[in-house]
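Q: Here it is: the structure, laid out below.
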Number of protein chains: 2
Amino acid sequence: MVHSGGPPVTGRSPAENAQLALLLEVAGTPKPGNVDRERDLPDLRFEHFLAGAVGAGEGIRAAEAGAPVGEAFETAVARMSDQSGGNTQFGALLLLVPLVRAGAEGELSRDGVRAVVEATTVADAAAFYRAFEHVDVRVDEPAPDVDAPDVRRGADAVPDLRERDLTLFDVLAESAEVDGVAREWVGGFERTFSVAEAVAAGDGPVSDRAARAFLDQLAAEPDTHVAKQHGGGVARNVMVRAQEARDGNDPALVDAFAEALVGEGINPGTTADVVAAGLFVALERGVTV
Amino acid sequence: MVHSGGPPVTGRSPAENAQLALLLEVAGTPKPGNVDRERDLPDLRFEHFLAGAVGAGEGIRAAEAGAPVGEAFETAVARMSDQSGGNTQFGALLLLVPLVRAGAEGELSRDGVRAVVEATTVADAAAFYRAFEHVDVRVDEPAPDVDAPDVRRGADAVPDLRERDLTLFDVLAESAEVDGVAREWVGGFERTFSVAEAVAAGDGPVSDRAARAFLDQLAAEPDTHVAKQHGGGVARNVMVRAQEARDGNDPALVDAFAEALVGEGINPGTTADVVAAGLFVALERGVTV
């Protein structure tokens, strides 16, 4: 909105805070295993995340303006992908889009965002499946007990969704056990709001607080992206190593852990997604940069 | 724009490329004397630039949509300033806003942007003066031969501008000798397009190319921000040291120079502004991240 005549309005909107959350998340360092201000991965660099955050802006602003969650998410993912690094912020956007909707409605609480995700429709689910066609997201064979269509089918799954009347909430509920982002949707964004509280209670630069929150979260739960890529044993092992690195009270230990994970090709992406979501909530609640 | 039904459009718009240029500029390292991916200054941190780039988005999008240059610039500066670091991207925005207008009109050439700046009005000048009220920009006593009102007067200068029929182009022409950003306006964005060519001709990550372009530009001309803060002698000295650091062909020399400038509190901001503008042109011309 441009205000001809009057002075420009200040204060970031929910969409702007979401975009800033994506940037602060990737700027936080050390963030073991992930791209951060000090580390690139071989084919995934800091600047891919910058371009992803800029590209995602349109979809995030659509969510703020009232577009359906699925449509806003699909737009955000498609435009995020307009860089050569591949998937940078798919999971973070799946959390941020309903959070931005809740924020725009003035209901940014666990109940508020729960209402947004529970109101999703079959059309939202269809857009979510289409989003997979815009980006190369790590997806495995579905577990035998998962009842939703395989996301690898992309738009081909849409008739199935319609026939079975599956909403986006229904679809994500099916993978809540194996996917930490889906678990946030189903569980009222518990970790997201917990990260927001930790960031708000911290001090110093916000990106430093984000890095601390990342390590705490990595030490608290196995990262489901790591579990999908390397198996549950590796994910639990990373969790234990994160606890040791954190509890050693020596920044050099955390740095060494960060270097080791990069070397092993282990990339705790779900934990980063939850931290980005928590940063958004913290910014909306008045944490200042 | 959200396209209900059809697939999302890909490809960044001029406004998105401008926002990405701001981010790639600050991410480039080493960028001697300035905040970069590896260095913060005592009161001006990387994350202030991230928040500045996000905040500036609204004004940049207004420029793309056809808002007058002055109004778009004032909005961009006001919203950029919604962080605690102070002035992060004032000069870069003064270059980017007319470049985005030219890009949105499909005329992103030196002649195209010259036409945009030459078409600015007294109302644009008034918005420029008002923009100083939103941010703490380094401004000295005007030189005795400068005929435009002192920008430190902010909105109080507006009646003077109107009486003397001074456009924003006229105002900047008055300071072209002492201000490298104003010189771009008056001289058809010569350095901006030269940086764009260097970035396009380079290889590797775009933020690395930005850092190389920064050092080349710093070695080519005294930085006018340094001259305003520390005097012309210091600015010329920095230029010569930049030549030595670059021509030594040893990254350690450049790093040592970067550390030295930070230690001396010398901050070549105008050179960074020109690099951001050049990055924008390079992105618009197809350089990919």
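Q: Determine the shape class of the range B:180-243: with a ≥ b ≥ c the square roots of the Cα gyration tensor eigenvalues, call it rounded for a/c under 1.5, and otherwise prolate if a/b is greater than b/c, oblate otherwise.
A: oblate
Q: Provide a whole-number value for the mean count of partner chain Cβ atoms within 10 Å of the Cβ atoms in peptide B:43-51.
A: Taking the mean over all residues of the peptide, I get 6.
Q: From the label point of B:GLY204, set 7 Å along Cα to the beta carbon, how far off in nm is each other copy's matching point, shortest first?
A: Label-point distances to the other copies, shortest first: 3.0 nm.
Q: Write down the accessible area per residue of the protein assembly as shown in Å², having rolled a 1.4 Å probe over the full set of protein chains. Spell out each step's value before the answer.
A: On the way: 21590 Å² over 578 residues.
I get 37 Å² per residue for the protein assembly as shown.
Q: Let me ask another. Just to confirm the numbers: A:GLY233, label point 7 angstrom along the Cα-Cβ line, distances to the other copies in nm, shortest first?
A: Those separations, rounded to one decimal, come out as 7.1 nm.
Q: Now a separate question. Below 26 Å, Cα to Cα, which lysines can B:LYS228 reach? Residues fewer than 8 away in the same chain don't count.
A: Within the straight-line cut-off, B:LYS228 pairs with B:LYS31.
Q: Also, quick follow-up: Across peptide A:267-277, how many C-beta atoms of other chains are within 10 Å of each residue C-beta, on average?
A: Counting Cβ atoms of other protein chains within 10 Å of each residue's Cβ and averaging gives 0.
Q: Now for a different question. What does the C-alpha gyration tensor say about the overall shape of the protein assembly as shown? Classify as rounded when a/c is under 1.5, otherwise prolate if a/b is larger than b/c, or oblate.
A: Here the protein assembly as shown falls in the prolate category.
Q: What percentage of the solvent-accessible surface of chain A, computed with a 1.4 Å probe over protein heavy atoms, is contributed by carbon and sulfur atoms?
A: Details: 5080 of 10790 Å².
Carbon and sulfur atoms account for 47 percent of the accessible area of chain A.
Q: Please give the peptides A:139-145, A:124-130, B:13-19 ranked by average Cβ packing (other Cβ atoms within 10 Å per residue), highest first, as a rough proxy for protection. Show your work: numbers first, answer last.
A: On the way: A:139-145: 9.7, A:124-130: 24.3, B:13-19: 26.1.
Sorting A:139-145, A:124-130, B:13-19 by mean packing, highest first, produces B:13-19, A:124-130, A:139-145.
Q: Modelling each spin label as a point 7 Å along the Cα-to-Cβ direction, I'd like the A:ALA65/A:GLU133 distance in nm, to one decimal.
A: A separation of 2.3 nm, rounded to one decimal place.
Q: Taking the label point as lying 7 angstrom from Cα along the Cα-to-Cβ axis, what are the distances from B:GLY66 to the corresponding position in the remaining copies, in ascending order and in nanometres?
A: 2.4
Q: How high is the relative contact order of the range A:14-283, in percent, with contacts defined as C-alpha pairs under 8 Å that are six or more residues apart?
A: Answer for the range A:14-283 is 25 percent.
Q: Then there's this: Report the gain in length on full extension from A:ASP247 to A:THR121: 0.36 nm times residue separation, minus Cα-Cα distance, nm rounded to one decimal. Provide the component values of the computation, followed by the final result.
A: Numbers: separation 126, 0.36 × 126 = 45.36 nm, distance 4.39 nm.
Additional length available on full extension: 41.0 nm.
Q: Using the membrane-span-like helix rule (whole DSSP H runs, Cα extent along the own axis of at least 27 Å, mean Kyte-Doolittle hydropathy at least -0.5), which helices of chain B qualify?
A: TM-like helix candidates: B:46-65.
Q: Still on this model: Would you mind classifying chain B by shape? Square roots of the alpha carbon gyration tensor eigenvalues, ordered a ≥ b ≥ c; an a/c under 1.5 is rounded, otherwise it is prolate if a/b is larger than b/c and oblate if not.
A: Taking the square roots of the gyration eigenvalues as a ≥ b ≥ c, chain B is oblate.
Q: May I pose another question? Compute the distance from the alpha-carbon center of the range B:169-224 to that of the range B:74-114, in whole Å.
A: 14 Å
Q: Let me ask something additional. Please give, to one decimal in nm, the separation of the simple spin-label points placed at B:ARG153 and A:VAL240, each 7 Å out from Cα toward the Cβ.
A: Each label point is offset 7 Å from its Cα along the Cβ direction, giving 7.3 nm.
Q: Can you give the average number of partner chain beta-carbon atoms within 10 Å of each beta-carbon in peptide A:79-86, as a whole number?
A: Working: counts 7, 0, 2, 8, 4, 2, 1, 0.
Per-residue shielding by partner chains comes out at 3.
Q: To the nearest hundred square angstrom, how large is the accessible surface buried between A and B, total for both chains, probe 1.4 angstrom?
A: Interface between A and B: roughly 3900 Å².
Q: May I pose another question? Give, in nm to one decimal, the length gained when the segment between A:ASP170 and A:ALA220 is fully stretched (0.36 nm per residue of separation minus the Cα-Cα distance).
A: The span from A:ASP170 to A:ALA220 would gain 15.3 nm if fully extended.
Q: Can you compute the modelled spin-label distance between B:ARG110 and A:SER109, with each label point 7 Å from Cα toward Cβ, in nm?
A: 6.1 nm
Q: Order the peptides A:87-98, B:60-71 from the highest to the lowest mean number of other Cβ atoms within 10 Å of their residues.
A: A:87-98, B:60-71
The values are calculated or read from the model by the stated rules, or taken from the named source; none is laboratory data. Small disclaimer: the values here were computed from a predicted structure and weren't measured. As a convention, Cβ positions derive from the backbone with ideal geometry for all residues, glycine included, and neighbour counts pool all protein chains shown. With ligands, DNA and RNA removed, areas are computed over all heavy atoms of the protein, side chains included. Shrake-Rupley method; radii C 1.70, N 1.55, O 1.52, S 1.80 Å.
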